[in-house]
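Structure, as structure tokens:
The values are calculated or read from the model by the stated rules, or taken from the named source; none is laboratory data. Being a predicted model, the structure only gives us computed values, none of them experimental. Note that each Cβ is placed from the backbone with ideal geometry, even for glycine, and that neighbours are counted across all protein chains shown.
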Ligand SMILES: Nc1ncnc2c1ncn2[C@@H]1O[C@H](COP(=O)(O)OP(=O)(O)OP(=O)(O)O)[C@@H](O)[C@H]1O
Ligand SMILES: [Mg+2]
């Protein structure tokens, strides 16, 4: 769906993005992950031509973006800017309606769609008449997301969309985000420096460093088959937690000596081991199950690390 081929961008003679290549597939969430300054925002902005690449090619649905007018290109791409990027002198209602105005939607259509998005993103109607600086950072980010979703574009680019949220609110929004039906048929490139967020939301992850892509793969590939020491070191701090989170009950099923777990505790095969352990740890009566699950996980884990 989106193909980036050997794309580079220099600022004042210094490479910000250095010959990067990757693909984002149809209906996939691809995460660009990396520390501050590694070139994530620059990469994202080249895809909708807010920044022009110096060299290389970017294709969306097989069409080179260079051959399209930037305005027309952007009609097909929802964009969530880092730090929400709302216009300070527009009310929230006006901010959300920027793209519908360009598309010349009638007032009723814009109103209905705005209302629908407010509901989905858990924003109350009274924010509409306020200005961005009269909202909390997290509310501003959700308005930024609403603005990017309103025209229902097939492609969505999101630059640290949850960066202003505390961990508790973030966890809530992540699960809502994953269950939003309207995201399921889109190709999404999501930028973050938050390792847990990348693992939580990404179908695949591109790990970047100093303008280059170091490794692209699923969370399991990146964690269990790191391309080099940089990748290993990058995840070292969170490693065990991430391993618990990417293993599902299905994965460790062969090592569990009973099937009670699923029925008794309303868990599914897709529940991750971390979640299951948390559920079990709430009551000491479940100690046996808890220990069994840890044992099963360790059995599974041994086979992954080769
Ligand atoms: N307009 C610009 N002019 C000069 N240098 C720039 C410009 N935009 C970005 N850079 C530089 O390019 C590099 C990559 O910047 P970029 O914004 O893409 O990083 P990032 O990965 O998004 O970082 P962060 O996580 O802090 O948002 C940085 O060294 C930055 O200073
Ligand atoms: Mg950035």
(request) Please work out if residue 54 is touching a strand residue (DSSP E or B) at 6+ places or on another chain (Cβ under 6 Å) and either over 19 Å from residue 205 (Cβ atoms) or modelled with pLDDT under 95 (or both). (result) yes
(request) Among the helices (runs of 4 or more DSSP H) lying completely within the stretch 94-155, list those that include at least 3 residues that are touching a strand residue (DSSP E or B) at 6+ places or on another chain (Cβ under 7 Å) and crowded, with 19+ Cβ neighbours inside 10 Å. (result) 137-149
(message) Condition check: closer than 24 Å to residue 196 by Cβ, under 22 Å from the mean Cα position of the chain (by Cα) and at pLDDT below 95. Does residue 43 satisfy that?
(response) no
(request) Give the residues of the stretch 17-40 that are within 16 Å of ligand 2 (Cβ to nearest atom), on the phi > 0 side of the Ramachandran plot and part of a strand (DSSP E or B), sorted by residue number. (result) none
(request) Please give the number of the condition residue 162 fails out of (1) in contact (Cβ under 8 Å) with a residue 40 or more places away in the chain; (2) under 16 Å from the mean Cα position of the chain (by Cα); (3) surrounded by 12 or more Cβ atoms within 10 Å (Cβ to Cβ). (result) (1)
(request) Tell me which residues, restricted to the stretch 212-232, are in contact with a strand residue (DSSP E or B) (Cβ under 7 Å, 6 or more places away or on another chain), under 24 Å from residue 18 (Cβ atoms) and outside any loop (DSSP other than H, G, I, E, B). (result) 212, 213, 214, 215, 216, 217, 222, 230, 231
(request) List every residue pair whose Cβ atoms sit under 7 Å apart, with the two residues 6 or more apart in sequence or on different chains, where the first one lies in the stretch 7-30 and is free of Cβ contacts under 8 Å to residues at least 24 places away in the same chain and the second, anywhere, is more than 9 Å from ligand 1 (Cβ to nearest atom). (result) 23/2; 23/3
(request) Please determine, by comparing only the residues of the stretch 41-81 that are within 12 Å of ligand 1 (Cβ to nearest atom) and surrounded by 17 or more Cβ atoms within 10 Å (Cβ to Cβ), which one is nearest to residue 162 (Cα to Cα). (result) 81
(request) With the condition kept exactly as written, say whether any residue in the stretch 252-273 is touching a residue at least 24 places away in the same chain (Cβ under 8 Å) and within 20 Å of the chain's Cα centre (by Cα). (result) yes
